[in-house]
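The values are calculated or read from the model by the stated rules, or taken from the named source; none is laboratory data. Fair warning: this is a prediction, and the values are worked out from it, not measured in the lab. Glycine also receives a Cβ, built like all others from the backbone with ideal geometry; neighbour counts cover every protein chain displayed. Areas reflect the complete protein model, heavy atoms only, side chains present, ligands, DNA and RNA absent. Shrake-Rupley method; radii C 1.70, N 1.55, O 1.52, S 1.80 Å.
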Amino acid sequence: QVQFVESGGGLVQPGGSLTLSCTASGSIEGIQSIGWYRQAPGKYRELVASITRLGSTNYQDFVAGRFTISRDNAKSTVDLQMNSLKPEDTAVYFCAAGLGIPINAPERLWDYWGQGTQVTVSS
């Protein structure tokens, strides 16, 4: 079973940038979809962005134009570059992987989850 570990979270001022990384313990070449979810206090977990094995991407409207997801199958990593951060981006960010699902699949269909990394946007 492949395990996923997130890193790169932290405290950043509004308007700042962070890059989150998701590193897998094994190969991700055969994994169809990998995504980033987030969960803010008192809210449901929501999909932020996702990417297919071949590089097709999907972004939620609230991050489009600010966040960029990328995938390196050779290094078994998926990064989320976050720019122009807002206080409402504050959340725990999770990496998720779906073996054979589309990149916009419901949360319940994703197969693997990381433990999450905290992102706090505050002045």
Check your understanding: For the stretch 78-99, how many residues are hydroxyl-bearing (Ser, Thr, Tyr) and surrounded by 22 or more Cβ atoms within 10 Å (Cβ to Cβ)?
Key -> 1
Check your understanding: Residues Ile51, Ile31, Ile69, Ile103: which one is farther than 27 Å from Ser122 by Cα, outside any loop (DSSP other than H, G, I, E, B) and open to solvent by less than 50 Å² (accessible area, probe 1.4 Å)?
Key -> Ile51
Check your understanding: Looking at (1) in contact (Cβ under 8 Å) with a residue 12 or more places away in the chain; (2) open to solvent by less than 70 Å² (accessible area, probe 1.4 Å); (3) among the hydrophobic types (A, V, I, L, M, F, W, C), which is the only condition Ala64 fails?
Key -> (1)
Exercise for review: All but one of (1) farther than 20 Å from Gly116 by Cα; (2) of a type in the set (S, T, N, Q); (3) open to solvent by 60 Å² or more (accessible area, probe 1.4 Å) hold for Gln1, so report the exception by its number.
Suggested key: (1)
Practice item. Return the total of residues in the stretch 4-20 being surrounded by fewer than 17 Cβ atoms within 10 Å (Cβ to Cβ) and assigned to a strand (DSSP E or B). Key: 5
